[in-house]
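One structure is given below, encoded as structure tokens.
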Amino acid sequence: MCDVRKDIPLMHILMVSLLFFPGPWGRCMGSDCGPGGSQSRAVWCAHVDGWTTLHTNCYQSQRPSNQQNCFRVCDWHKDLYDWQLGTWSQCVSVSARAFGGMRPHVCNVGKEGIQTREVGCILKADESPGEDAICEYFEPKPRLEQACLIPCPQECVVSEFTPWTSCSKTCGTGLQNRVRSVLVPPLFGGSACPNLTEFQTCKPGPCKGAEGVYSLRLGPWTPCSLPISRPVRQAKRRKGKGGGRERPGVKDPDTRELIQKKRTRNRLNRQESPFWDIQVGYQNRAVSCAHRNGSTVGLSLCQPRELPLTIQSCILPKDCELSDWSDWGPCSKACTDPNPKSPRGQRTRSRRVLQFAVGEGENCAPLEEAEPCDTEGDGVPPCATYTWRTTEWSDCRVDSLLSQQDRRRSNQTGLCGGGLQNREVYCVQANAELLTYLNNLKDKDASRPVDSKLCGGPIPDTSQLCHIPCPIECEVSPWGAWGPCTYENCNVQDGKKGFKLRKREISNEPTGGPGNCPHLVEAIPCEDPSCWDWQLVRLDECVPDEDLPCGPGTQKPQVQCDTMDIELCRGTPVPEPIVCLVPCPKDCVLSDWTTWSSCSQTCSSKTIEGKQMRTRSILAYNAGEGGDMCPNSSSLQEVRNCNEHACTVYHWQTGPWGPCTEDPSASALNTSVGSRSAAGLKANGPCSQGMQTRKVICVRVNVGQVPPKKCPESPRPGTVRPCRMPCKKDCIVTPFSDWTQCSPTCDAAGNIQKKKQSRRRIVLQLPANGGQECPEVLQEENDCEAVKVCPGYRWKTHKWRRCQLVPWYIREDSPGAQETCGPGLQTRAVSCRKLDGAQADIGDCLKLASSMPPVTQRCQLPCQDDCQLTNWSKFSSCTVDCVGVRTRKRLLVGRSKKKDKCKNTQMYPLSETQYCPCDKYNAQPVGNWSDCILAGGDRVESLLGLKVLGDIKECGQGYRYQAMVCYDQDNRLVETSRCNSHGYIEEACIIPCPSDCKLSEWSNWSRCSKSCGSGVKVRSKWLREKPYNGGRPCPKLDHINQVYEVVPCVSDCTQYVWVAEPWSVWKVSNVDLKENCGEGVQTRKVRCMLNTVDGPSESVEDYLCDPEDMPLGTRGSRLPCPEDCVLSDWGAWNRCSRVTTTGLRSVPFGLRSVPSLSEIDPLFEPCSLNLNCFHYFYNITDWSTCQLSARAVCGSGIKTRMLDCVRSDGKSVDLKFCEERKWQMNISCVVECPVNCQLSDWSTWSECSHTCGLEGRMWRSRVVVQGSQGDGRPCPSQMEQWKPCPVRPCYRWQYSPWSECRVEEVVCGAGLRFRNLSCFVSDGSREGEGSLVEEDLCAGLELAVDQDRVIILKEACVLPCPGECYLMEWSDWSPCLSVCVKGAAVDFGSVQVRSRAVMAQEPENLQLCPDPDWESRSCTDGECFEYQWMSSSWAGSPRVTWCQRSDGLNVTGGCPPINPLGEDNSFCDPACQMPMSFCTEAGVCMCEEGYTEVLSSGGQLDQCAPIPVLEIPTAGDTKTDVKTSRAINPTLPATTQPGRTGRTWYLLPIGPGSICCSKTCIYCSALMGPSPMCKSPMPCAPRHLHTITDAGL
């Protein structure tokens, strides 16, 4: 057995290698939504090598759970949960993130970085966290990281130094300063800004007397404070006096009432409004005496003539106090909108002013705020939606299409084919409660029109192409032959009169049916009519009588009944046999009679008879005696009469069908249809049964109407037919739209301008068929209801209260103070009024009125010694402008009249004189001419409907405009009305009208190219005028500017036939007079004749007949002799027995009996292809061009082709020779209608692009409603027009520059600087420029400067005392700089910077100088600058290098560092081999920082020596700050080492034995060694100023 204990370690080892592995969690399952679900996962036991085993082989204590609770997500959770996105963290370099720190490298563009954020699923209601799986169910988890870019460090960039200032002293030792400003602040860890100031000592000369070392310094005002209140002082006084009497009250009621009214009246003028709590306090300031070294000494050392004011009245500052916010108001969108893209509503809330800011208190925050909102709730109605609606399409009209193309054809009637139809488009509320008075139209047409601006989306087409079917004219076949004379009614065969009829048939399907066709039957009265007769089929051979072989005989006719019913012909005698002759051997032989020719006339009259003729010829003469002789030539021809009926042709003629009238017999009632469904609007459905009648008369051809009995009754057309009556259509209009808004407008003077309001309705359906007519009034106007006063608000100011001084007990110790006079403050009340003077809430003025007037001002109560004067009077009136003067005066008051100092008119002038205003104005044009605008072309788009009219004037005479500008005598812009101008120069102009391509009319069709079979015929147009100015283009023309139309044609091969007369008598050439036989010739005439249904009728030119078919006019043959067999003429060829190239066909013949020949076989001839045997096949032409009706210009047409039967020799023959087959000979086609481009009306003129100035323009535009089609006129290029706005002066409030810092009657200290707010006028072309004008011209403007409503006209300042080191004023803001990365499309915003440099006056006080300062702010639309090193040319002297910005400004900083030591120095020649040297990009050897170049006699670098430095440490700083200048001005004389960036150090003269007591460290000379005196105090030998540059060390 095994030892179990030995197996335990092995099992333990095995189980350590087996672990549980869980799978992913499955889907959360459960019956309810929310946290009650559960999910499971698979768990298996597996070895670390990957194979699985039983769960029991793994430690069960380590088995993970395979089931857990979960949150079951349902669709409605989407509205409850959402992802919450944190802000992106700071961009962290990838290298720092990967390696734990930054790796030094050269930065060119930037460093790649990563920034992260937190993302979590939250419950929207309380933002509590939820499981991420809930949000992931609806939307993937947003990314947690993103790439970013860390830009390279941007070192500080400063400008060039300014020139040196003048010496701070006029004698003794002073300082000169030069400063520079910061252009780019250090960004992204860039190097700090260098010092902005450089100093150097100066000594203009020795002082002759003692220098002034003391200055009176004025301190700042203390905060405003309240004096002790009156009750407290009175209590103190009463207490000091032991009490006082109490004043008895007023007992009289009338007196009490008068006092109360006075107090009420005074309260209105006092500042006792609840909005102001103005308390007048006092403030004071200290006056001290300052030493030039900055220390304060006793006041007695400063001995001014008079101390300044040290106490004054002030307003106790109070911040603005506002009430709590009101509840949110209702949402402006009080409806629910299912469209998520539609704009949301807004709701507002407000608060009231409880206390306005006074004094220096904080101003009021905004009184209103708004936020987007959506109205929710069950009872909230849906938002109004708007949609486009259209009226019915108008009738299709071709003339509107023609009028666009060729106005010569615009008056034609009966046009058909392609046309245009229009409709009107208007906007309605789609889900409005629709009217119900039109049952079927309430969805479409009963909605009230609204403003078309409410409808969005594409505007439906207002015109479309349509088609008017062209009438198909009735086409009839040629007349058939006249029939036999028959009874009109064969069933009633009475009388001896009948009719001969001839007929023709309708060969097409005409429009309107056969009723519009001409008559189809004509009748001729005749005698001896018969209804049925025998018809001869053929004659049998001639059989001699009595069974003789020759001689007289008979031919039996073979007949048939013409009705095919032999019984009907039983009563008619059968034709008798015909006498004939079989010639005997010696008899004369004659041919058979030819068929009767066609009748020469169609009818007969007294002068004209119809004749027919037939002939026969002599085949052989009689042979000797005993034979029958040949007849004379007259017996060879027979003539008979034909068409003996009179030329009186009758037919029935029909008039047009009358209107469809109601048939009383019909049961249906006619109804009036006022409305139909949208589908029904297109239909023209019938409403009742009606009847139509027409007139039918009997007409005799070429005579006129005759009695009806003259015409046969059987073919008489009907006079009545049933019809369907069209429904009546009533006019349908929309309800009137709402009245347009009637907002009152006021002119500049505040007068109300009258306005009108209008409303309109739109015709949806025009009346038809006797329906109700449309109302006459479709648009109404109404005067707006007049308002009494223009809406608006204004501030009303009340009287100033008395001047309030600082309490005497406070200022009684001030030197020179008097109790009842001096400077003080006064206040007044301000209230809000409507324009009509009615009281209004002060909040209305805050929102709608101009800036609030001031409620406090400084005042002066005059003292007894002061000069008191009245206010200035008004200026006197001017009598003459420009050369006259006007004056104003004031007077001394009281005791001032007697004081000598007040009589000094230089100090107290009593009159002022000024030149009278010069009202001379100069007008001149400005700007470009506007587009040419057609006169009367200012029609505006309809408010409710959008019409596109075809007759909008597009060309002709118009006007163009140029703005006029008016200047006064000081060249200041004024209103154009001063120059008696309405603001424009008008000039007539011409917009050339488009001229379409003009072609001639179609020529006549040419003759068909073939007289037999199918050919082509051609017609053409030629160019009359080319298009210009955007006219309709020409079709494609050939090289001679013609366009052709070719169509197939067919010529009837039987239209013209050859007719041959009988052969003449033989003319024997070798005559045997006895025998009269032998070789001979026969001739005959052959003519080309027009073939008709009655046979050949008239001779025509021979070329019309086929020359190949022309019968022979001469033939030669042998006249048979008595012993010869006599044959008849050849009969017609039979068809070949086989259609091959060879074959036989037989020829029948006749003979004269010959005794030796009892029977002769027929003759045969071999078949020869294309000689006597032919093949036949079809030849079909190509389709023709699309052919339109003669009355159509475009639209539907047909293409045709022709079919020929062609013989194998290429000759066209009759179609009967080809096998019958069905061919499609016509197909429909469409000729695109030439529709001109259709434009909308011009829009209304836009608002002026500038409210003032010279550059204002107004625009209007139009849009393409339908582009051109086919050869229509193309759209014009000008879709916008502009014209200048009237020039208006641009007025603006503008600050004057700040004044110098003013300190009252002392040298230095805390003071004030001031600036004025003035009205300026400009033409708007250049910002910041303008001319000063009267403030009244800016009275209508908001009191704001550059949109800043906080007006600051004074501010505290400090005037430095002599000897002080101080910060200068802020420099101007630098241009806006874009923080961009070169070569990368990354923008880090824009920044601008300003700085303050240090200004020093005393060398001893340098240690007290403050630090220079700079500040930056963000801006927009900054420019991205680049920096590069620049160098001067060698030009015989060493060159210098400097850094330049891409805008041409020389700067310090920004350029890439110069190549450090150790890099490739091959660029310099010779190479830089000296220690501490390097080669610059400019190719110059230079020394490293801290070393200066020592040059050889040849100008080459010899060594790099250490350099002394002037250090200017800041106050309290023990570290030194090396002061260097990294830029020079290349335009100044070169005083430094070429190629160097111009370091300069300055040595300060110090007396023998003295040491550096300040923090200014000095190197006296490079020869004295590098030990700075600050670190080791020692005497300094030189007593003069050394200015040492690199080259001088």
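The values are calculated or read from the model by the stated rules, or taken from the named source; none is laboratory data. All of these numbers come straight from a predicted model, not from anything done at the bench. Virtual Cβ from ideal backbone geometry, glycine too; neighbours counted across all protein chains shown. For the accessible areas, the whole protein counts, side chains as well, though only heavy atoms, and no ligand, DNA or RNA atoms are used. Shrake-Rupley method; radii C 1.70, N 1.55, O 1.52, S 1.80 Å.
Extension gain, Glu819 to Glu136: 0.36 nm times the residue separation minus the Cα-Cα distance gives 237.6 nm.
Placing dummy labels 7 Å off each Cα toward the beta-carbon, the span from Val880 to Val763 is 7.2 nm. Candidate cross-link partners of Lys496 among the aspartates and glutamates, defined by an alpha-carbon separation under 14 Å and a same-chain spacing of 8 or more, comprise Glu488, Glu527, Asp528.
The modelled label-to-label distance between Glu780 and Thr870, using points 7 Å beyond Cα along the C-beta direction, is 6.5 nm. Place a point 7 Å from the Cα of Cys1229 along the Cα-to-Cβ direction; which residues of region 1168-1206 have their backbone N under 16 Å from it? Counting only backbone N, you get 1181-1190, 1192-1203.
Given their separation in residues at 0.36 nm each and the Cα-Cα distance between them, Ala384 and Asp540 gain 46.1 nm when the chain is fully extended.
Would you work out which of Val1321, Val1287, Pro1274 lies farthest towards the positive end of the dipole of region 1256-1322, given +1 charges on the beta-carbon of Lys and Arg and -1 on that of Asp and Glu, about the Cα centre? Selected residue: Pro1274.
Our coupling estimate for region 58-69, obtained by passing each phi through the Karplus curve with A = 6.51, B = -1.76, C = 1.60 and θ = phi - 60°, is 9, 5, 5, 5, 9, 6, x, 5, 9, 8, 8, 6 Hz, Gly and Pro reported as x. Measuring r between the beta carbons of Ser288 and Gln804 and using R0 = 30 Å, the FRET efficiency lands at 0.55.
Solvent exposure of Arg347, expressed as accessible area, is near 80 Å², computed with a probe of 1.4 Å over the protein chains only. For GluC sites (Glu not before Pro), the sites in region 514-546 that DSSP calls loop and that have at most 10 other Cβ atoms within 10 Å are Glu541. Placing dummy labels 7 Å off each Cα toward the beta-carbon, the span from Val696 to Ser1446 is 9.9 nm. Set the Förster radius R0 to 56 Å, insert the Cβ-Cβ distance between Lys203 and Glu369 as r into 1/(1 + (r/R0)^6), and round the FRET efficiency to 0.05. For R0 = 56 Å, the calculated efficiency reads 0.30. For the residue pairs Lys503/Lys1199; Lys586/Lys1085; Lys78/Lys141, the C-alpha atoms sit more than 24 angstrom apart in Lys503/Lys1199; Lys586/Lys1085.
Using only the Cα atoms of region 684-825, build the gyration tensor, take square roots of its eigenvalues as a ≥ b ≥ c, and label the shape rounded, prolate or oblate: rounded if a/c is under 1.5, else prolate if a/b is larger than b/c, else oblate. Prolate shape, in that a/c is at least 1.5 and a/b is the bigger ratio. When region 1325-1365 is described by a simple charge dipole with +1 on each Lys and Arg Cβ and -1 on each Asp and Glu Cβ, the residue from Gly1363, Ala1344, Val1333 located farthest towards its positive end is Gly1363. Among the GluC sites (Glu not before Pro) in region 129-177, none is located in a DSSP loop while being surrounded by at most 15 other Cβ atoms within 10 Å of its own Cβ. Peptide packing for 1045-1053, 184-192, 18-26 was compared via the average number of neighbouring C-beta atoms within 10 Å per residue; ordered from the highest value, the list is 1045-1053, 184-192, 18-26.
Below 8 Å, C-alpha to C-alpha, sequence gap of six or more: please give me the relative contact order for region 980-1082 in percent. Rounded, it is 24 percent for region 980-1082. Computed from the C-beta positions of Ser1496 and Asp1411, the FRET efficiency with R₀ = 56 Å rounds to 0.85. Counting only heavy atoms of the protein chains and using a 1.4 Å probe, Cys1376 has close to 30 Å² of accessible surface. Were the residues from Asp565 through Thr1092 laid out at 0.36 nm apart, the gain over their Cα-Cα distance would be 186.7 nm.
Using heavy atoms of the protein chains and a probe of 1.4 Å, the accessible area assigned to Trp76 is about 140 Å².
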